[in-house]
Amino acid sequence: MSQHAHHHDDDHDHDHYFIPFALIFVFAVVEAVGSWYTGSLALLSDAGHMFSDVAALGLAWLAGVIAKKPHVKRHKSGISYAELAVSIVNAASMLLVIVFVIYEAVERFKTPHQVQGLGLTVIATLGLIVNIIVAKQLHHQAQHHGESLNNRAAFLHVVGDLLGSIAAVAAGVVIYFTGWMPIDPILSLFISLLLLAFTLNLVRDIWQTLHGQPKTEQTSGLAT
């Protein structure tokens, strides 16, 4: 491969991570402000997922760059230690976000909050569009540049956002038309438990990689 072609590939990979990074960062701020304005836990949890995505995508891009450098240290499985470390950090950060949202959902059941259904629906719908764009971009990255724990860990965060946005839209619609406030923490709790299953699946694959066991990406619920 020529130096020009290699440089072009690096730029291409940079774009695949930078564009999702920029989109999610901007909208994470929008959702954080929106969650304060509407009082929605679903929107706050989605904003939390998005902020964790900002770190996840930034680390994934950095690990990808490091992994392409010559003489980089690699685990016996073939994955670079940088990518492996980033996958672990991203899985751990997702677990922290899940624990926080579950705790907040339980608190909301004890002390219900008023939520503005219309504002929640509008902001969450915009967030859903952003997440679909980002998920499509990362899926394209995996298809054309190879699936890896690094890509899957980053994609897991985006899937979390996508599910969170769907839950927030549903909560907003229900609250707007019925005024039933418990739907906000109920959907937040449901999405968090679903994400927990995905995250534990990724943790299992990281564990198997660390111990030199065969990859099981085909069995992962995130492998698409």
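Here are the numbers for the structure shown:
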{"read-out": "Efficiency of FRET from Cβ geometry, Val26 and Tyr81, R₀ 30 Å, rounded to 0.05", "value": "0.40"}
{"read-out": "In order through the stretch 127-138: 3J(HN,Hα) via Karplus (6.51 cos²θ - 1.76 cosθ + 1.60), integer Hz, x for Gly, Pro", "value": "x, 4, 4, 4, 5, 5, 4, 5, 4, 5, 5, 6"}
{"read-out": "Whole-Hz ³J(HN,Hα) from phi, Karplus 6.51 cos²θ - 1.76 cosθ + 1.60, for the stretch 154-169, glycine and proline x", "value": "5, 5, 4, 4, 5, 4, x, 5, 4, 5, x, 5, 4, 5, 5, 4"}
{"read-out": "Difference of contour (0.36 nm per residue) and Cα-Cα distance, Ala197 to Leu96", "value": "35.0 nm"}
{"read-out": "Estimated vicinal HN-Hα couplings, Hz - the stretch 108-125 in sequence order (Karplus 6.51, -1.76, 1.60; Gly, Pro = x)", "value": "5, 5, 6, 10, x, 10, 6, 10, 7, x, 5, x, 4, 4, 5, 5, 5, 5"}
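Coordinate-derived values only; no laboratory data. Keep in mind the model is a prediction, meaning the values are calculated, not measured. Using ideal geometry, Cβ is built from the backbone for each residue, glycine included, and neighbour counts are taken over all protein chains shown.
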